[in-house]
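Below you'll find the structure, written out as structure tokens, and then a few comments.
The values are calculated or read from the model by the stated rules, or taken from the named source; none is laboratory data. Keep in mind that what you see is a predicted model, and the values were worked out from it rather than measured. Positions of Cβ are backbone-derived with ideal geometry, glycine not excepted, and every protein chain shown enters the neighbour counts.
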Amino acid sequence: MVDKNISADNSDKAESKKAAKKEAKKAEKASKRAEHKQTTVQLDTPEEGDVSLGKYGNLPLIRSESNSTRVASYVKDLNKSVSGQTVWVRARLHTVRARGKQCFIVLRQREFTIQVLINVSESVSKSMVKFSSGIPKESIIDVEARVAEVPAGVAGCSQQDVELVASQIWVVSLSAPQLPLQIEDASRPEKSEDEEGLNIHVNQDTRLDNRILDLRTPTNQAIYRLEAGVCRFFRECLMKRDFVEIHTPKIIPAASEGGANVFTVSYFKGSAYLAQSPQLYKQMAIAADFEKVFTIGAVFRAEDSNTHRHLTEFTGLDLEMAFQFHYHEVMLTIGDLFTEMFKGLREQYQHEISIINQQYPAEPFTFLDPPLVLEFNDARKLLAEVGVDVGEEEDFSTPTEKLLGRLVKAKYDTDFYILDKFPLAVRPFYTMPDPRNPKASNSYDMFMRGEEILSGAQRIHDPEFLTQRAKHHGIDISTIAAYIDAFKYGCPPHAGGGIGLERVVMLYLGLDNIRKTSMFPRDPKRITP
Amino acid sequence: MNGPIKMHRTKQIIHHNIPVQLPKCMYNLKNIHSRSTNGVVDGSHDHVGVSKNKLDIFDQVKQFLKINQCVPGMAELEAKQEQILKQLDELRNQILSIKLSLKISNNASAKSSVPTSTISTRVNSKKTNQLVDLVININPLNPPYSLEIIQKQLQDSVNLKFSAHLHSSVFSLPEDAINLQSRLVNANLKEGVPTVHLRLIWKNVSNNLELLVSHTPIIGEVNLLRYLVRAAVSSLDYDADADSVEIDYLLDICYLIVRSKTKTERTSLLQSLNKSLGKSQWLGGRSLASIADIAAYSAIRQTVSIKELSANLSKWFLRCEAINC
């Protein structure tokens, strides 16, 4: 028994030796990890005799257990006028840099940045400085600090003439120490002026994969604020003109246009489609006496094209309006709407535009008031002057469109213009033909920086004529019976059009990719995040 | 074979005795060299051969007429020819007038247009046809008042149809500019006169406006006026006048007045205008208002207050205002 015991003991010992070795290794690893942690995040309680104990650390998870009357200041409001005051700021830690007994932190709030100085002093201990220098980037921190004027100015911060001298620093929400992309890299200007400087850029796909981080850049902050502005101006301008906002269904029983590029969804026992445009429903609202309607909503296109300007889901701003005598009433209303929108952007979004231009430089957007209206034949003449011939019943190709944009810009210096009287042959069957010229139609396109943003027309509101035109186009009448029936009980003459929000913002800012103006873009290769 | 050393035979690359296919796409020319070899020796027709007969065509015709004077029926033939020529002339005039009326109805929206005189309006419409859509970039602080006068002065020969746009580089228009714009845009147009479409774009340009005909802008209001009076036939066209140099000189002064930055600069320029005016009614010692008066009126109205003018000039200024109304 004893022997056995011994042997057992021996084997135990042998095992325990191995185990001890393993343990030791584990412990070593753990200690290393802990050390690593210590260098990055200081979670341990500070050493004793710390003068600034209780003035820094990790704040417990805020679960709304108590309320406070403490007012947090915004970084953008910190300037010379509040110099000398003590303020609380909650912001993201943009960069941190320790140098001996000092620690410099740059706080970021949207596009505004300010420098925070943590200096070893009577009330600030060494370990507080050490803790501060270990907070990972992008963490959200609370800082209590005194605003101090900096005569020389702080380079690289938006608040140049003041800095914060910290007396308390608390981590509210910790960021993971490793970032998939650096905010500085993501916000670096596309064409840096000095060739020798860092030239690291973040790939479009990396940006989209880590959209939350990418959206934190000042440029993206500005882009989506401006996009919201476009939407707001669209709404405000139309409300002012007595338009009614309507909401149209996105699940529809039949393909609204064409049919090839439509998403099919299963709908209980059958299938349904995702709306490609609110066209039919806008027109039905007109037939239902709403006179002037607009709608803002998602539009789906199942086009398998991976270009810089196509998305499979985008936001459509659509409007439809009944008119008295001539569809130009509607066309000019839309033109004025754009002018008003551009003016609003020019006046209220100057700051955003200049931030975006720093990263993506573009010529300022120019326009005329009232907008320039050219007829299709005028445009053909302009093109013919430079040797590009476009047939009378031919549509413009994309390069021709861009060339025309350049010609118009050279002559009239406008980035926005309306092209009227498109050939009937290149328009859908419901477009009203021009009564004076059988080859032309009452339809118009609007262009921004040489790219088409809106395509609209007077629609045929007479069921018989509509049937005739549909037959002429070789369309099976039974498939569009619902559409034709909408006009059976009388309908006022009407016209309208629709724009893509993302495309308008992209072209207004002169950006090169529509994915830059769609917060979570959807294209044939991406449905995440 | 063709040398002392027989290396190898070369292929003959040029064959001289095959028939050559001449292209038929153009037109045939007489072979001037082959004529003499054909045996028809005629020195007067052959360019290469030396002409033996020194008589020129004029002499030949004279000779021919001398010989044929006594031919019976010649007078009859002559009369017939005359008649045919007359008919041809008539036909030509008819075609011209049809051409003219067609051109006008293309150009202007006039429903019916009857050409009055042939020659002058023909030139006119031909010239104005080229100016379909002109763009004028104007600084709103320097409204070109001359356009209003010139629109009235030219209304018998050409309609100046204005439309106005506000460029995004300008935030709002001063009152003077708004008034001028509304007068220009709402002016009545005569029917049956060719129309030129001018687009005014209020834009942040220099003091001197820009006229865009092609890609290079024509700078300056006076140059716009020169362009317009030459394009349209009117009494304002001064090219054929004896004092055209003087008018050009006055126009250049107007250009400088608009461009001037200091008051002293302006004063000296105004003095030269005053000198040119002298004791006469209009600038350049003329009895009728010329384009120089229109340009000077506009330049002064843009830059100087009337109080700064000398008594002589301010009287002239009031006369200018009278033609404006």
Filter pass, residue B:276 being in a helix (DSSP H, G or I), of a type in the set (Gly, Ala, Ser) and within 18 Å of residue B:141 (Cβ to Cβ): no
Those helices (runs of 4 or more DSSP H) lying entirely in region A:422-519 with at least 3 residues under 30 Å from residue A:346 (Cβ atoms): A:501-509
Pair list, Cβ < 6 Å and 6+ apart or interchain, from region A:336-361 residues that are among the hydroxyl-bearing types (Ser, Thr, Tyr) to residues that are assigned to a helix (DSSP H, G or I): A:349/A:226; A:349/A:229
Residue list for region A:281-317, restricted to those being under 30 Å from the mean Cα position of the chain (by Cα), surrounded by fewer than 19 Cβ atoms within 10 Å (Cβ to Cβ) and of a type in the set (A, V, I, L, M): A:296, A:298, A:302
Qualifying positions in region A:225-242 - acidic (Asp, Glu) and assigned to a helix (DSSP H, G or I): A:227, A:236
Any hit, region A:294-302, residues being in contact with a His (Cβ under 9 Å, 6 or more places away or on another chain), in a strand (DSSP E or B), of a type outside the set (A, V, I, L, M, F, W, C) and away from every other protein chain (no Cβ under 14 Å): yes
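For every residue, the table says whether it meets (1) crowded, with 22+ Cβ neighbours inside 10 Å; (2) hydroxyl-bearing (Ser, Thr, Tyr); (3) within 14 Å of chain B (Cβ to nearest Cβ).
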| residue | (1), (2), (3) |
| --- | --- |
| A:364 | no, no, yes |
| A:384 | no, no, yes |
| A:388 | no, no, no |
| A:411 | no, no, yes |
| A:417 | yes, yes, yes |
| A:435 | no, no, no |
| A:441 | yes, yes, no |
| A:444 | yes, yes, no |
| A:449 | no, no, yes |
Test: residue in region B:217-231 that is part of a helix (DSSP H, G or I), under 24 Å from the mean Cα position of the chain (by Cα) and under 17 Å from residue B:163 (Cβ atoms): yes
Candidates A:462, A:415, A:420, filtered to the one that is touching a residue at least 12 places away in the same chain (Cβ under 8 Å), in the same structural domain as residue A:335 (by TED's automatic domain parsing) and over 39 Å from the mean Cα position of the chain (by Cα): A:462
Considering residues of region B:166-205 that are in a strand (DSSP E or B) and crowded, with 22+ Cβ neighbours inside 10 Å only, the residue nearest to the other protein chains (Cβ to nearest Cβ): B:166
Where a residue in region A:222-234 is outside the structural domain of residue A:317 (by TED's automatic domain parsing) and its partner, wherever it lies, is at pLDDT below 95, with Cβ under 8 Å and at least six apart: none
Strands (runs of 3 or more DSSP E) contained entirely in region A:110-188, each with at least 2 residues that are small (Gly, Ala, Ser): A:140-149, A:162-173
Matching residues, region A:390-409, being of a type outside the set (A, V, I, L, M) and within 14 Å of chain B (Cβ to nearest Cβ): A:406, A:409
